[in-house]
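Chemist: Below are the C-alpha cells for one structure; questions will follow.
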Amino acid sequence: MPYSEKPYEFVSFPPEPNRDEPVGHHRFALTAGKHTGMMEITLTARRPVQVASGLMDVVKLKSGETAVALMTKIRRRVYVIPGSSLKGAVRSVVEAISPSCVRVVGWRTRPFLPKRMNPCSRMKNLCPACRLFGMSGGRRENYAGQVHFEDAVMVEGRPVVVCTPLLWAPARSRRGLPPRYLKGKEVKGRKFYYHGTMAKGPDARVAAGAGSTFKVRIRFENLSDAEMGLLLAALGQHPDKPFLLKVGAGKPVGMGSVEVKVERIALSGDLRSSGRMGKAAEHLEGDALQEKVQEWVQKAEEEELLDSGALDELRRILREENLDRPSPEGAY
C-alpha cells in the first residue's frame, strides 16, 4: 500500500556525553545550590492526546456504527496521563538537549549508533539524563534518578473519538535502518515528530480532547541550579526558546501536542534548622518564579549542561507555530 512519509526531523548528537557520579539518595545535599522540592504543573492538550489504558476501546457494531466500549467493573473513572508516559516524553527531550547518552536503543538502531552514545552502564559514571531520570544496567548497577513524576489527572475536558490514518511501524524493513535515517554509516540523531494539524483517516481512537487540562506534580531532590535549568528547558520553559511537548500515541498524524505551564515551585527549607521537617518551603510563583527560571536556565547554559544548538534544532520541530503545519494524508 502506498504510504506518506512521517513528518519528523533529527536533532544532532552531542560531541560526547558528560558522565559523572550522581549525588545519590542517601541524604539531602545541604550545600548551597542544591534543591529539593516539588513543581506544580498544568498541561493543556493543544491536540487530542491518547495514552491507551486497555480499559476503553473503540469497536465496530453490526450496524456499521462506531461505539466506545468500557470495562463494566470500572465505577469511578479518573482520566490521567500516566506519570511514566510524561516522564518518558520529558526524558527524551533532556537527552536531546544535553550531553547525554541514548538510553533506549532498538536492535535495528544499535549497529548504527555512534559508540560514544551507548547507554550508561555504571552507576558512578552517569550522563545528565541518567542522573535525573535513572538507569538500569547489569551487575546490579541501578539508579532511581532524582526526578519523579506523578500521574497527570484531568481536571477539565472529556474523552473523544478521533479518526486518524493507519500508522505503520517506523523503519519496518528487516534490512536495518533506511538511508533517510543515516549520515554516512551512523544514524543522524534523535528523531522527533513535528506538531501539525490533525490528519483524518479510518482508524478510530479514544483520546483526551483538545483543550483538556491536567494537573501534575513533579518531585525532585538534590538538583543543582544547572540541573533545574535543564529540566525546566526540557519542559518548554526556556524564556527565549519555548516549545510544546509531544506525548502519547499518534504523534505523526498531529496528536499529542501538549502545552506545559509551571504554576509554582516549592523548595524545601534547610533540614538542619528546626526539627525533622526543617524550615518552611520557599514558594516561587509569578514574576519571582520567572526570574528564577531564567537564572537557572542561564546557569545550565554556562555549565554546558544545556546545549543551545541542540535546543534550537529541537525548537524548530516542536515550536507552537507548527500546530498549523499540514499533516500528510493517506496511510503512514
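The values are calculated or read from the model by the stated rules, or taken from the named source; none is laboratory data. Note that the structure is predicted; figures quoted are calculated from it, not measured. All Cβ positions, glycine included, derive from the backbone under ideal geometry; neighbour counts span all protein chains shown.
Chemist: Please name all residue pairs, on different chains or six or more residues apart, with Cβ atoms under 9 Å, provided the first residue is in the range 150-170 and is under 25 Å from MET38 (Cα atoms) and of a type in the set (S, T, N, Q) and the second residue is at pLDDT 95 or above and crowded, with 18+ Cβ neighbours inside 10 Å.
Modeler: Short answer, once both residue conditions are applied: none.
Chemist: Residue under question is GLU21, and the condition is that it be at pLDDT 75 or above, more than 20 Å from GLY236 (Cβ to Cβ) and of a type outside the set (Lys, Arg); does it hold? Please lay out each step first, then the result.
Modeler: Values: at pLDDT 75 or above: yes; more than 20 Å from GLY236 (Cβ to Cβ): yes; of a type outside the set (Lys, Arg): yes.
Considered against the rule, which asks whether it is at pLDDT 75 or above, more than 20 Å from GLY236 (Cβ to Cβ) and of a type outside the set (Lys, Arg), GLU21 comes out as yes.
Chemist: Can you find a residue that is among the small types (Gly, Ala, Ser), free of Cβ contacts under 8 Å to residues at least 24 places away in the same chain and surrounded by 14 or more Cβ atoms within 10 Å (Cβ to Cβ) anywhere in the range 95-107?
Modeler: To start, the set of residues in the range 95-107 that are among the small types (Gly, Ala, Ser) comprises 96, 98, 100, 106.
Filter again for free of Cβ contacts under 8 Å to residues at least 24 places away in the same chain, leaving 106.
Imposing the further condition that a residue be surrounded by 14 or more Cβ atoms within 10 Å (Cβ to Cβ) reduces the set to none.
Scanning the range 95-107, I find no residue that is among the small types (Gly, Ala, Ser), free of Cβ contacts under 8 Å to residues at least 24 places away in the same chain and surrounded by 14 or more Cβ atoms within 10 Å (Cβ to Cβ), so the answer is no.
Chemist: If you don't mind, there's one more thing I want to ask. Any idea how many residues of the range 235-268 are within 15 Å of ASP312 (Cα to Cα) and not in a loop (DSSP other than H, G, I, E, B)?
Modeler: Looking only at that region, the number is 1.
Chemist: In the range 281-306, which residue that is in a loop (DSSP other than H, G, I, E, B) and in contact with a Ser or Thr (Cβ under 7 Å, 6 or more places away or on another chain) is modelled with the lowest pLDDT? Don't jump to the end; show me each part of the working.
Modeler: At the first step, the residues of the range 281-306 found to be in a loop (DSSP other than H, G, I, E, B) are 281, 285, 303-306.
Subset that is in contact with a Ser or Thr (Cβ under 7 Å, 6 or more places away or on another chain): 281, 305-306.
Working: ALA281: 78, LEU305: 97, LEU306: 97.
Going through the qualifying residues, I end up with ALA281.
Chemist: Do we have THR31 as at pLDDT below 95 and not aliphatic (A, V, I, L, M) here?
Modeler: On the way: at pLDDT below 95: yes; not aliphatic (A, V, I, L, M): yes.
So THR31 passes the test.
Chemist: Also, quick follow-up: Identify, please: which residue in the range 138-152 is outside any loop (DSSP other than H, G, I, E, B) and at pLDDT 95 or above and is, among those, nearest to PRO82 (Cα to Cα)?
Modeler: Within the range 138-152, the first condition is being outside any loop (DSSP other than H, G, I, E, B), and the residues that meet it are 142-143, 147-149, 152.
Now narrow it down to the ones that are at pLDDT 95 or above: 147-149, 152.
Values: VAL147: 15, HIS148: 12, PHE149: 9, ALA152: 6 Å.
Going through the qualifying residues, I end up with ALA152.
Chemist: Can I ask one more? Any idea which of (1) in contact with a strand residue (DSSP E or B) (Cβ under 9 Å, 6 or more places away or on another chain); (2) surrounded by fewer than 16 Cβ atoms within 10 Å (Cβ to Cβ) is the one ARG180 doesn't satisfy?
Modeler: Every listed condition holds for ARG180 apart from (1).
Chemist: Restricting to the range 108-121, and then to whatever is without any contact (Cβ under 8 Å) to a residue 60 or more places away in the chain and assigned to a helix (DSSP H, G or I), can you tell me which residue is surrounded by the most Cβ atoms within 10 Å (Cβ to Cβ)?
Modeler: The initial filter retains those residues of the range 108-121 that are without any contact (Cβ under 8 Å) to a residue 60 or more places away in the chain, namely 110, 115, 118-119, 121.
Cutting the leftovers down to assigned to a helix (DSSP H, G or I) gives us 110, 115.
Values: ARG110: 12, LYS115: 6.
The residue in question is ARG110.
Chemist: Could you check the range 187-234 and list, in sequence order, the residues that are out of contact with any strand residue (DSSP E or B) (no Cβ under 8 Å at 6 or more places or on another chain) and assigned to a loop (DSSP other than H, G, I, E, B)?
Modeler: Listed by number, the residues that qualify are GLY196, THR197.
Chemist: Pairs needed: first member in the range 191-204, closer than 30 Å to LEU113 by Cα; second member anywhere, surrounded by 17 or more Cβ atoms within 10 Å (Cβ to Cβ) and hydroxyl-bearing (Ser, Thr, Tyr); C-beta distance under 7 Å; at least 6 residues apart or different chains.
Modeler: HIS195/SER257; GLY196/SER327
Chemist: Suppose we keep only residues that are more than 18 Å from the chain's Cα centre (by Cα) and among the charged types (D, E, K, R) within the range 300-332. Which one would you say is farthest from ALA129 (Cα to Cα)?
Modeler: Among those that are more than 18 Å from the chain's Cα centre (by Cα) and among the charged types (D, E, K, R), it is GLU329.
Chemist: Where the second residue is charged (D, E, K, R) and outside any strand (DSSP E or B) and the first is closer than 18 Å to VAL162 by Cα and lies in the range 205-226, which pairs have Cβ atoms under 7 Å and are six or more apart or on separate chains?
Modeler: Filtered contacts from the range 205-226: GLY209/ARG158; ALA210/ARG46; ALA210/ARG47.
Chemist: Ok, one more. Does the range 122-137 hold any residues that are under 21 Å from SER84 (Cα atoms) and either in a loop (DSSP other than H, G, I, E, B) or at pLDDT below 95 (or both), and which are they? Break it down stepwise before answering.
Modeler: Restricting attention to the range 122-137, the residues satisfying the condition of being under 21 Å from SER84 (Cα atoms) are 126-137.
Correct list: CYS127, GLY134, MET135, SER136, GLY137.
Chemist: Something else about it: Working carefully through the options GLY269, GLY309, find the one that is more than 30 Å from ALA204 (Cα to Cα) and either modelled with pLDDT under 95 or out of contact with any strand residue (DSSP E or B) (no Cβ under 8 Å at 6 or more places or on another chain) (or both). Steps first, answer last, please.
Modeler: On the way: GLY309 fails: either modelled with pLDDT under 95 or out of contact with any strand residue (DSSP E or B) (no Cβ under 8 Å at 6 or more places or on another chain) (or both).
That would be GLY269, the only listed residue that is more than 30 Å from ALA204 (Cα to Cα) and either modelled with pLDDT under 95 or out of contact with any strand residue (DSSP E or B) (no Cβ under 8 Å at 6 or more places or on another chain) (or both).
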